[in-house]
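Here's the structure we're looking at; comments come further down.
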Amino acid sequence: MERALIQGGDSPLADRAQARTLLGIIDLYLSATRDAEANLSAGLALCRDVSDTLHAAYALIFLGGLVLVEGDQGRASALFENVLATAQIVVDQRLSRIVTGISLVNLAVMDRLQGNEELASDRLREALHLQRDVGYISGIILILSDLGDIARDEGDFALAFRHYQDALGQIRESTDTRVIIDTIESVGTVAIAVGLA
């Protein structure tokens, strides 16, 4: 099936562009990083050829995450900036705002790695506004948790706890268990830090 998707056969170019991008994402989840980078890069090029800005943004997001994990912060930052620009031209405005928010979250990660907590917080607040505006619950939970992490790392446990509480308050609306578990773990960390556990 992979060969059929990649080689194309009678498939339209737009379908092959999406297939390569999605195959790259699957490769990444399977820890096949070399295949992931090849498929995401090929998918990105094909998406650009057919003006599929949404899937191009997905390819950029996952490529950015991959190169960040591999230690190339400069390239990751450039890819995340490219996501931000690409998201602005996604036709579906709801998806455009969601992808813009994801891009801002990734850029906030880069800011934190460079020690710029203030810029990271600003980006996260902007991303939170976008995610709330379109009702993207998983994004809201993730961002509130990230804001809680920043407050926790700065020693403001009361603010961290409020952010985590806000995130947990969204849980009944979400099916994203990874984000939920991460938030609950963060609450536990703050509880231990302030002597509640």
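Please verify whether residue 61 is in contact (Cβ under 8 Å) with a residue 24 or more places away in the chain, buried (at least 23 other Cβ atoms within 10 Å of the Cβ) and either touching a Gly at 6+ places or on another chain (Cβ under 9 Å) or more than 19 Å from residue 18 (Cβ to Cβ) (or both), treating the condition exactly as stated. In short, no.
Give me the residue from the range 111-129 that is among the hydrophobic types (A, V, I, L, M, F, W, C) and at pLDDT 95 or above and, out of that set, surrounded by the fewest Cβ atoms within 10 Å (Cβ to Cβ). Looking at residues that are among the hydrophobic types (A, V, I, L, M, F, W, C) and at pLDDT 95 or above, I get 119.
Residue pairs whose Cβ atoms lie under 8 Å apart, sitting 6 or more positions apart in sequence or on different chains, and linking a residue in the range 90-115 that is touching a residue at least 24 places away in the same chain (Cβ under 8 Å) and under 17 Å from residue 147 (Cα atoms) to a partner that is of a type in the set (Phe, Trp, Tyr) and surrounded by 20 or more Cβ atoms within 10 Å (Cβ to Cβ), are 101/136; 103/80; 106/80; 107/80; 110/80.
Here residue 71 meets each of (1) in contact with a helix residue (DSSP H, G or I) (Cβ under 6 Å, 6 or more places away or on another chain); (2) free of Cβ contacts under 8 Å to residues at least 24 places away in the same chain; (3) surrounded by fewer than 16 Cβ atoms within 10 Å (Cβ to Cβ) with one exception, condition (1). Of all residues in the range 142-182, those that are farther than 20 Å from residue 106 by Cα, within 18 Å of the chain's Cα centre (by Cα) and either modelled with pLDDT of 90 or more or surrounded by 14 or more Cβ atoms within 10 Å (Cβ to Cβ) (or both) total 1. Total residues in the range 99-117 satisfying the condition of being closer than 11 Å to residue 77 by Cβ and assigned to a loop (DSSP other than H, G, I, E, B): the figure is 1. Looking across the range 27-77, the residues that are farther than 22 Å from residue 100 by Cα, in a helix (DSSP H, G or I) and not charged (D, E, K, R) come down to 29, 33, 36, 38, 39, 42.
Candidates 117, 81, 70: the one that is under 27 Å from residue 35 (Cβ atoms) and more than 16 Å from the chain's Cα centre (by Cα) is 70.
The values are calculated or read from the model by the stated rules, or taken from the named source; none is laboratory data. On a predicted model such as this, the values are computed, not experimentally measured, just so you know. Here the Cβ is made from the backbone with ideal geometry for all residues, glycine too, and neighbour counts use every protein chain on show.
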